[in-house]
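These notes are about the structure you will find just below.
Just so you know, all these numbers are worked out from the coordinates, no wet-lab data involved. The shown structure was predicted, so the numbers you read here are calculated from the model rather than taken from an experiment. Note that we place each Cβ from the backbone using ideal geometry, even for glycine, and neighbour counts take in every protein chain shown.
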Amino acid sequence: MQLYWTSYDLQLSHTFTISGFSRKTTPVVLTKIEYGGLAGYGEASLPPYLGETQASVIHFLRKVDLSPFPDPTKLDDILIYVDSIEEGNCAAKASIDIALHDLAGKIMGKPWHKILGLDKQNVPDTTFTIGIDNDETVRKKTQEALGRFRILKVKVGGLDDKRMIESIRSVTDLPLAVDANQGWKSKNEALDMIFWLQERGVVMVEQPMHKTDLDNIAKLTEESPLPIFADESVQRLTDVKRLKGVFSGINIKLMKCTGMREAWQMRKFAEQLNMKVMMGCMTETSCAISAAAQLYAGTHFADLDGALLINNDCFAGAQLHNGKMIATDAAGIGVQPNAHIANEKAFFGK
Ligand code: MG
């Protein structure tokens, strides 16, 4: 197996604002693993608040030695080794995990949704995120989403929550998910807002309060009429158990949990604990989105709009059909480079 990588900057179609941050680009590192004439593609998406950078990912990738592993389909062996190289580096690890899954799927001649026995059509509608913005822009973004999406996601947790919701409601009655990104300061503030939001057609709430405020979040979840999902409070498999009874469900993201292998383990474990599952994403190309799209059939919510928020997606893969992000039937994660990668060898520095 030969590993290649390259840095790439995703250009966001709209400036993106969530509680506390605003930005126009997202750095990523794209990976490629070649073996026996086949290529598997992977990605590390690096939104600044998560702490990994293109430099830290490349630093990590330089340490990865795949030479002791002759068989790319031995995913457990390889990925346990990759995880052991160094703490953290979850997105860097995901870029190897996704490329290896793509490669292994191609060797097996099947897409992962088939390998896992999932019905790729049986997926929840994906949300489309409307960032915090002025009324006119919010209404415009909402208009753009109509007809394409059947549920919208609103970033709240600031002073403008009610104005944001009213702006969207002046345009559409579509169900809404809200993500407070830890922005509400107390259980009572959160609960008051949740009752107000429920009356306006909100169907779920993500990360209402600070990620470590688990006692208060548990009380909130008990009293909330809407399901409460963990995002910042959950990173990896080892976090899931302590969230039972605290949240209604968990938001699994490949970049937080080191990739598809652990995402699948987290999903199965959450289901054993009778917790709900949603599949989320960062701003990503269709590479990482297509990887996530292999795994989420039968889950409760999905937030897989990451590749739809950028204007230089360099892969073709999972696509939006009637509001759902549907994986292709191509082997592996079901992607191929598009015209943004004019010369693949030059792109990956080979
Ligand atoms: Mg979130």
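The table for this structure:
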quantity	calculated
Of LYS32/LYS93; LYS32/LYS106; LYS24/LYS253, pairs whose Cα-Cα distance is over 25 Å	none
On Cα atoms only, tilt of 54-63 relative to the major axis of the chain in degrees	40 degrees
Neighbour net charge for GLN272 - beta-carbon separation under 11 angstrom, K R +1, D E -1	+3
Global geometry of the range 158-247, whether rounded, prolate or oblate, following the gyration tensor of its Cα atoms and the 1.5 cut on a/c	prolate
Net +/- balance of residues flanking LEU38 in space, Cβ distance below 11 Å, scoring K and R +1, D and E -1	0
The range 334-348 versus the range 202-276: alpha-carbon centroid distance in Å	36 Å
Local electrostatic count, ASP76, Cβ distance below 12 Å [Lys/Arg +1, Asp/Glu -1]	-3
Folded to 0 to 90 degrees: helix 90-108 orientation relative to the chain principal axis, Cα	60 degrees
Expected 222 nm ellipticity per residue - DSSP helices of 4 or more, -39500 (n - 2.57), all of the chain, to 500	-9500 deg cm²/dmol
Extension reserve of the MET108-LEU146 stretch, reckoned as 0.36 nm per residue once the Cα distance is removed	9.8 nm
Neighbour-limited loop hits for trypsin sites (Lys or Arg not before Pro), the range 75-160 (at most 14 other Cβ within 10 Å; DSSP other than H, G, I, E, B)	ARG148
For the chain, fraction of C-alpha pairs farther apart than 31 Å, in %	30 percent
For the chain, size of Cβ-based charge dipole, Lys and Arg +1, Asp and Glu -1, in debye	360 debye
